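Quick notes on the structure that follows.
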Amino acid sequence: MNHPRPQFLHFADVEAAGNAAAHEIARTLIDAVEARSTATLVLAGGSTPRSIHARLADHESSPPVPWHLVHLFWGDERCVPPDDEAGNYAMARSSLLDRIEIPPGNVHRIRGELRPSDAAARYDADLRRHFGDGRPPAFDCVMLGMGADGHTASLFPGDPLSDETERWVGTSDGLNASPPVPRVSLTLPILNAARKVVFVVSGAAKRRVVSEIEEQAEGFRRYPAARVRCPGSTLWFVAADS
Ligand code: 6PG
């Protein structure tokens, strides 16, 4: 893979990292709309991504983010109903969607209320309807978090889904996750087709894994997050504190 090496940007705290990441994402969306009259953003689950969503909702930029021309997708979803706070859609609803003007047709949620395999099939069909059926879609920006075990989206270490090379969407039993519920997730082929990936990572518990990935320490590729490396830029916004 000759994609550029990921760039790691370190910040003293989650406030600084969050502001910088939100600015990067906003700029990316504005530039994409200027270039192609539309933009695609993949949202992530978790508390660090949640803080980025809120900053995006409040983001003051000139020009502002043209949300009416942005299509939102998810990197993964817990298999729970859309109004269940454990779900990434419900989290995005409260932290971003309810605070911006975006047409409902631009919001492409994963239907967590369905059986995992049905939810994955529906999401795959939605992606192909939006991007076409050929090569994996090149999202303008994919936001990702990382767990202390090096998982990202719902690609967990040792889970066969993390080694998927063909399918765009798959399922995981999520038994080692928190909450331990089945998941639907984009796979590495899609994450690694993006124009830009923005990791947002905070917390002392992740520091060792981040440095192993940054230094490409022996065995670092066992972490699914370490295998995300897109043709455009793969940026890690890392906050030292929790
Ligand atoms: C999920 C996320 C997951 C998350 C990381 C980081 O559905 O849980 O997709 O990959 O981004 O676990 O979460 P925190 O920022 O809360 O540690």
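The values are calculated or read from the model by the stated rules, or taken from the named source; none is laboratory data. Keep in mind that what you see is a predicted model, and the values were worked out from it rather than measured. Because the Cβ atoms are built from the backbone with ideal geometry, glycine has one as well, and the counts that use them run over all protein chains shown. All accessible areas refer to the heavy atoms of the entire protein, side chains included, with ligands and DNA or RNA removed. Shrake-Rupley method; radii C 1.70, N 1.55, O 1.52, S 1.80 Å.
Give, as residue ranges, the strands (runs of 3 or more DSSP E) completely inside region 1-89 that count at least 3 residues that are closer than 15 Å to residue 237 by Cα and among the hydrophobic types (A, V, I, L, M, F, W, C).
7-11
Wholly within region 143-214, which strands (runs of 3 or more DSSP E) include no fewer than the required count, namely at least 1 residues that are hydrophobic (A, V, I, L, M, F, W, C) and away from the ligand (no atom under 12 Å from the Cβ)?
Details: elements: 169-172, 183-186, 196-202.
In region 143-214, 169-172, 196-202 are the strands (runs of 3 or more DSSP E) which contain 1 or more residues that are hydrophobic (A, V, I, L, M, F, W, C) and away from the ligand (no atom under 12 Å from the Cβ).
Sort out which residues of region 196-219 are surrounded by 19 or more Cβ atoms within 10 Å (Cβ to Cβ) and not small (Gly, Ala, Ser), and write them in order of number. Don't jump to the end; show me each part of the working.
First, the residues of region 196-219 that are surrounded by 19 or more Cβ atoms within 10 Å (Cβ to Cβ): 196-202, 206, 209-210, 213.
196, 197, 198, 199, 200, 201, 206, 209, 210, 213 - these are the residues of region 196-219 that are surrounded by 19 or more Cβ atoms within 10 Å (Cβ to Cβ) and not small (Gly, Ala, Ser).
Among 13, 83, which is without any contact (Cβ under 8 Å) to a residue 12 or more places away in the chain and open to solvent by 30 Å² or more (accessible area, probe 1.4 Å)?
Values: 13 fails: without any contact (Cβ under 8 Å) to a residue 12 or more places away in the chain.
Within the list 13, 83, the selection yields 83.
Is it fair to say residue 135 is in a loop (DSSP other than H, G, I, E, B), under 22 Å from residue 2 (Cβ atoms), among the charged types (D, E, K, R) and open to solvent by 10 Å² or more (accessible area, probe 1.4 Å)?
Yes: the conditions hold for residue 135.
Condition first: open to solvent by 50 Å² or more (accessible area, probe 1.4 Å) and within 8 Å of the ligand (Cβ to nearest atom). Now tell me which residues in region 34-78 satisfy that.
Result: 47, 50.
Condition check: within 19 Å of the chain's Cα centre (by Cα), on the phi < 0 side of the Ramachandran plot and open to solvent by 60 Å² or more (accessible area, probe 1.4 Å). Does residue 101 satisfy that? Give the derivation first.
Working: within 19 Å of the chain's Cα centre (by Cα): no; on the phi < 0 side of the Ramachandran plot: yes; open to solvent by 60 Å² or more (accessible area, probe 1.4 Å): yes.
Judged against the criteria, residue 101 is not a match.
Among all residue pairs at least 6 apart or on different chains, which show Cβ distances below 7 Å where the first residue, located in region 57-69, is more than 13 Å from residue 25 (Cα to Cα) and the second is surrounded by 11 or more Cβ atoms within 10 Å (Cβ to Cβ)?
Listed pairs, sorted by first residue: 63/30; 68/102; 68/103; 69/33; 69/38; 69/39.
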